[in-house]
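A.B. asks: What follows is a single structure, and I will ask about it in a moment.
Throughout, read-outs are computed from the coordinates displayed, never taken from laboratory work. Because the structure is predicted, anything quoted here is derived from the model rather than measured.
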């Protein structure tokens, strides 16, 4: 670090990524009594932001969101990196540590273009590049057609306005962080399960950087950290990839976590569900839920998972 009270935070350049980095900076300054200019935001254009015309799963998966920031951490250009946790690969290098998770916000998806799933017009075109959203949509509305929709919030809303689809989905958390909470209709998370780690901001640093680890620990939110790590443990057991439609909803009460999860086939016709209640740090029990889901999955589901 350049001095004892300065931190270089790496972030992607998208408006939402920058908003998340600004929130991280604000929390750090409040926790340590720093001025805002003592936390520098270092912006990188991630591969995932450069390539907008193909599904993420076809061009390298979630690593496209983290690769450049990982390199900058390794080279010492930044002290920590700010991530949307749902975009971070399940298996990370031992050289990196997820040091803090900020308080998780609304985990729900927001439907844009209709007031409910049932009121979407028949045979509508649905814009999404997320396998979970596509499969869940086709499970509820097999009459609909899915078209690929990538880009940041503004890009996807512009595509919808241009008539490229009738409806689309955005994360409530992203809209909240961009001060666009009046946009669309939030979907009941019990009926329409969110993505693993949706709504969570994570800050990662070099494992050997004890000073930065200590600074970041001050803004770590325990309950959010436990639920995000539990959902990531489920992903680990599933061997999920960017092609895998995985939906999960978790809640924490004291030291107890409850979780329900669903896996789908790509066309939404096949679905397997499971749930558990366990100690929040009992990650082996969470992994067992993942293995149980796969064991009960149909061939159309298990084919979408590594080793399936």
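A.B. asks: Relative to the longest principal axis of the chain, what angle (0 to 90°, nearest 10) does the C-alpha long axis of helix 283-296 take?
C.D. replies: Rounded to the nearest ten degrees, it is 20.
A.B. asks: Continuing with the same structure: Could you give me D for the stretch 89-141, from Stokes-Einstein at 20 °C and 1.002 mPa s, where the hydrodynamic radius is the Kirkwood radius over C-alpha pairs? Units µm² s⁻¹, please.
C.D. replies: D = 148 µm²/s.
A.B. asks: Another question, then. Tell me the Kirkwood hydrodynamic radius of the stretch 109-186 in angstroms, computed as one over the mean inverse distance between distinct C-alpha pairs.
C.D. replies: Values: mean 1/r = 0.0807 Å⁻¹.
Taking every pair of different Cα atoms in the stretch 109-186, averaging 1/r and inverting gives 12.4 Å.
A.B. asks: Inverting the mean 1/r over all pairs of different Cα atoms, compute the Kirkwood radius of the chain and quote it in Å. Working shown, then result.
C.D. replies: On the way: mean 1/r = 0.0501 Å⁻¹.
Its Kirkwood hydrodynamic radius stands at 19.9 Å.
A.B. asks: On to the next question. Quick check: the angle from helix 131-140's long axis to the longest principal axis of the chain, C-alpha only, nearest 10 degrees?
C.D. replies: Value to nearest ten degrees: 30.
A.B. asks: Helix 222-238 against the longest principal axis of the chain: what's the angle in degrees, Cα atoms only, rounded to the nearest 10?
C.D. replies: Roughly 50 degrees between the two axes.
A.B. asks: In deg cm²/dmol, rounded to 500, what helix-only [θ] at 222 nm does the chain give when every DSSP H run of at least 4 residues adds -39500 (n - 2.57) and the total is split over its residues?
C.D. replies: Mean residue ellipticity, 222 nm, calculated: -10000 deg cm²/dmol.
A.B. asks: Relative contact order (percent) for the chain, with alpha-carbon contacts under 8 angstrom and 6 or more residues of separation?
C.D. replies: About 20 percent, as a whole number.
A.B. asks: Moving to a separate point now. Connecting C-alpha atoms closer than 10 Å in a GNM of the chain, tell me which of 119, 175, 96 has the biggest fluctuation.
C.D. replies: The residue that fluctuates most here is 119.
A.B. asks: At 0.36 nm per residue, minus the direct Cα-Cα distance, what do residue 123 and residue 77 gain on full extension? Give it in nm, one decimal, please.
C.D. replies: My answer for the length gained is 11.6 nm.
A.B. asks: Specify whether the C-alpha gyration tensor of the stretch 141-199 places it in the rounded, prolate or oblate class, a ≥ b ≥ c being the square roots of the eigenvalues: rounded for a/c under 1.5, otherwise prolate if a/b is larger than b/c and oblate if not.
C.D. replies: Here the stretch 141-199 falls in the oblate category.
A.B. asks: Here is a follow-up. Considering Cα pairs under 8 angstrom that are at least six residues apart, work out the relative contact order of the stretch 235-302 and quote it in whole percent.
C.D. replies: It rounds to 31 percent for the stretch 235-302.
A.B. asks: Using bins 10 angstrom wide from zero, how does P(r) for the stretch 180-273 break down, in % of all Cα pairs?
C.D. replies: Distribution as computed: 13, 37, 33, 15, 3, 0 percent.
A.B. asks: A further question follows. GNM, the chain, Cα, under 10 Å: largest mean-square fluctuation among 239, 33, 274?
C.D. replies: 33
A.B. asks: Right, next: So for the stretch 209-257, what are the equivalent ellipsoid semi-axes in whole Å, largest first, each being the square root of 5 times an eigenvalue of the Cα gyration tensor?
C.D. replies: Ellipsoid half-lengths, sorted descending, are 25, 17, 8 Å.
A.B. asks: Next up: With no solvent and one point on each alpha carbon, what is the Debye value of log10 I(q)/I(0) for the stretch 149-308 at q = 0.10 Å⁻¹?
C.D. replies: Debye output, listed in q order: -0.46.
A.B. asks: Then there is this: Using the scaling law 2.2 N^0.38 Å as the reference, what is the normalised Cα Rg of the stretch 235-302?
C.D. replies: 1.11
A.B. asks: With a cut-off of 8 Å between alpha carbons and a minimum separation of six or more residues, what is the relative contact order of the stretch 109-186 in percent?
C.D. replies: Once normalised by length, the contact order is 46 percent.
A.B. asks: Cα convex hull of the stretch 57-167: mean projected area in nm², to one decimal?
C.D. replies: 8.8 nm²
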